[in-house]
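Worksheet for the structure shown next.
The values are calculated or read from the model by the stated rules, or taken from the named source; none is laboratory data. Being a predicted model, the structure only gives us computed values, none of them experimental. In this analysis, Cβ positions are derived from the backbone assuming ideal geometry, glycine residues included, and neighbour counts consider all displayed protein chains.
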Amino acid sequence: VEMKIEGFKVMTAALAADDILNIRLQEMKNANGTRNMNFFIPSEADARLVAVEIFGGKTIYIRAPVHQIPQE
């Protein structure tokens, strides 16, 4: 997943549950303005190994290794 953000900085990124990643953002111009974003991590991915990378404070990359998906 790639997401571009403007006017916010990332405060924290942590698992809120076994399959939900919570990213907390703070407004750059208003220290009291915060946003929480929750991302569902599908069962095919290992949520314990999620990597969150922030580049330049504007782009967030979320990566998780995917287990082999069974063929039907």
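Key figures
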{"read-out": "In region 34-53, residue farthest from the chain's Cα centre (by Cα) [restricted to those that are part of a strand (DSSP E or B) and closer than 22 Å to V66 by Cβ]", "value": "A45"}
{"read-out": "Residue within region 27-44 that is surrounded by 12 or more Cβ atoms within 10 Å (Cβ to Cβ) and modelled with pLDDT under 80 present", "value": "no"}
{"read-out": "Residue list for region 54-65, filter: surrounded by 12 or more Cβ atoms within 10 Å (Cβ to Cβ) and not in a loop (DSSP other than H, G, I, E, B)", "value": "I54, T59, I60, Y61, I62, R63"}
{"read-out": "Q68, sole failed condition from (1) exposed (fewer than 11 other Cβ atoms within 10 Å of the Cβ); (2) at pLDDT 85 or above", "value": "(2)"}
{"read-out": "Any hit, region 36-48, residues being of a type in the set (S, T, Y) and touching a residue at least 60 places away in the same chain (Cβ under 8 Å)", "value": "no"}
{"read-out": "Region 4-33, subset among the charged types (D, E, K, R) and outside any loop (DSSP other than H, G, I, E, B), residue nearest to the chain's Cα centre (by Cα)", "value": "R24"}
